[in-house]
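Report on the following structure.
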Amino acid sequence: MKINFVKMHGLGNDFILIDCINKSLGDPSFLSYLAKKLCDRNFGIGADGLILILPSSKADLRMRIFNYDGSEAQMCGNGIRCFAKYAYENKLVSKNKLSVETLAGTIIPELIISDNKILGVKVNMGTPKLRRREIPMNGEDTLTVVDEVLKINTVQIFKVTCVSMGNPHCITFVNDIQSMPVDEIGPKIENHPLFPEKTNVEFIQILNRKEINFRVWERGVGETLACGTGACAALVASVLNNKTDREATIHLPGGDLDIRWANDGYVYMTGPAESVFKGEMNIN
Ligand code: ZDP
């Protein structure tokens, strides 16, 4: 089977996009296999994830996102900005504000356009879920999970705050993110028995009420240069711990995102989306 694709990224968080509006790629097990094959950085195209562009009966379009390891995620922040740019530039939509059906609900990206150039994308990421069972997280149900002890072993003990942006996030505040052994601690928290669907793991350092330094160990991927849903979860966690205002700039290894948790309860994320190359690949 010949597949046409476009390679895009949001702050170095990179994706392979395949337009499936007029072409079905097959059942979920094949899609998981395909994601692993295409995302492999040596034997495939190379990316953090695979994004499918699909028709929808509920919204303008539908997005599915598969991680590097083939697992399907509910939502992706950097990916939906790329999705919106692709949809507009390929005339799948004719307006700059579109609705996208995802496993996390309908998400509303809005392209920021000037002189016919897409400068960025502002996304209404929906409302954060704070209740323990909605993260989801095991243990006696609580309305929020804020500044809670998470024990990996007798020496590795962290205070965590957990938030769902449709996908799970476990945030811990650190004094110096550069010295954090993200690739050692990340997978231990990702696979901790407290998280029945595993979790993304964010290590954040508060600079002031309006700035956060950020590193992420992504569920199903590993450490990445940026995570949009993670940046939103980090801002929400910082507000819940009274460490920042409701609007802040998140400094990720791949660049900056502006995040606002508005009084209407919605989280707004603004950032770039870039196309890199396009191509075709034969899949057997
Ligand atoms: O929830 C997960 O399994 C994530 N790894 C999905 C990808 C999230 C993404 N990095 C983002 O920007 O939110 C695309």
> Using a cut-off of 15 Å between alpha-carbon atoms, which aspartates and glutamates can reach Lys2, once sequence neighbours fewer than 8 places away in the same chain are excluded?
Replying inline: Asp19, Glu280
>> I'd like to know how segment 137-284 sits against the 2.2 N^0.38 Å rule of thumb: what's its Cα Rg over that expected value?
In response: 1.08
> Scaled to the compact-protein estimate 2.2 N^0.38 Å, what is the alpha-carbon radius of gyration of segment 1-78, rounded to two decimal places?
Replying inline: 1.03
> How many lysine pairs in segment 121-266, separated by 8 or more positions in sequence or lying on different chains, have Cα atoms less than 13 Å apart?
Replying inline: 4
> In what order do Met75, Met180 fall by count of nearby beta-carbon atoms within 10 Å, going from fewest to most?
Replying inline: Met180, Met75
> Can you list the trypsin sites (Lys or Arg not before Pro) in segment 103-162 that are in a DSSP coil and have 15 or fewer other beta carbons within 10 angstrom?
Replying inline: Arg131
> Using the Kirkwood radius built from alpha carbon pairs, what does the Stokes-Einstein equation give as D for segment 76-149 at 25 °C and 0.890 mPa s, in µm² per second?
Replying inline: 171 µm²/s
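Could you size up the charge dipole of the chain around its Cα centre, putting +1 on the beta carbon of Lys and Arg and -1 on that of Asp and Glu, and report it in debye to the nearest 20? Mind showing how you got there, number by number?
Working: 32 positive and 33 negative charges, 109 e Å.
With only Lys, Arg, Asp and Glu charged at Cβ, the dipole is about 520 debye.
Please sort by residue number the trypsin sites (Lys or Arg not before Pro) in segment 1-102 whose DSSP state is loop and whose Cβ has at most 14 other Cβ atoms within 10 Å.
Passing sites in segment 1-102 are Lys23, Arg41, Lys58, Lys91, Lys95.
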>> Based on C-alpha coordinates, I'd like the Rg and Dmax of the chain, in Å.
In response: 18.2, 58
> Taking 1 over the mean of 1/r across every pair of different Cα atoms in segment 77-211, what Kirkwood radius in Å do you get?
Replying inline: 17.1 Å
>> If you fit an axis through the alpha-carbon atoms of helix 77-89 and take the longest principal axis of the Cα set of the chain, what angle between them do you get, 0 to 90°, nearest 10?
In response: 20 degrees
> If the cut-off is a Cα-Cα distance under 15 Å, which aspartates and glutamates reach Lys117, setting aside same-chain residues fewer than 8 apart in sequence?
Replying inline: Glu89, Glu274
> Picking from Ile21, Ile204, Asn124, whose Cα lies most toward the positive end of the charge dipole for the chain (charges on Cβ: Lys, Arg +1; Asp, Glu -1)?
Replying inline: Ile21
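Coordinate-derived values only; no laboratory data. Here the structure is a predicted model, which is why all the values come from computation and not from measurement. When we count neighbours, we look across all protein chains shown, and the Cβ atoms used for this are built from the backbone with ideal geometry, even at glycine.
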